[in-house]
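Notes for the one structure printed next.
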């Protein structure tokens, strides 16, 4: 069992195309945009495949942030769920910047929720403890 959900709010001052692109820059599953009222929209991504995290996997390696990413993922484990957030504007620029709260990303964060029977297997795949650059 694997369920991946990605979500972020589009504020009335934001360009919905750019926010959707920010999500697409870090996630390749099914993406939906819905109106939630008062000019706000919500971008949600869904997947049951680890492959949908392949862009995130690659960006973590390109930026050489495996230890930091692993730390964020580990502190986000609760039972069979991993939760973490990344900076929305950084994602738009194809960069990964983990944040601890929505307040660290002025326009809100992109929130990931990954449910798995073995969350450590997901973390070990995304951020292995032994990794040599380029391999």
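Here, each number is a calculation from the coordinates, and none is a lab measurement. Bear in mind the structure is a predicted one, so any value in this text is a computation, not a measurement. Virtual Cβ from ideal backbone geometry, glycine too; neighbours counted across all protein chains shown.
Taking the criterion of being over 13 Å from the mean Cα position of the chain (by Cα) and more than 15 Å from residue 6 (Cα to Cα), the residues of region 76-100 that qualify are 77, 78, 79, 80, 93. Residues of region 10-36 that are outside any loop (DSSP other than H, G, I, E, B) and surrounded by fewer than 18 Cβ atoms within 10 Å (Cβ to Cβ): 16, 17, 18, 21, 24, 30, 31, 32, 33, 34, 35, 36. Region 37-135 holds helices (runs of 4 or more DSSP H) entirely within its bounds, and those carrying 1 or more residues that are farther than 30 Å from residue 12 by Cα and touching a residue at least 24 places away in the same chain (Cβ under 8 Å) map to 54-62, 66-75, 119-126.
Quick one: in region 101-118, which of the residues that are closer than 20 Å to residue 49 by Cβ and under 15 Å from the mean Cα position of the chain (by Cα) is surrounded by the fewest Cβ atoms within 10 Å (Cβ to Cβ)?
Among those residues, the one meeting the criterion is 113.
Among the residues of region 37-58, those identified as surrounded by 18 or more Cβ atoms within 10 Å (Cβ to Cβ) and within 11 Å of the chain's Cα centre (by Cα) are 45, 52, 53, 56.
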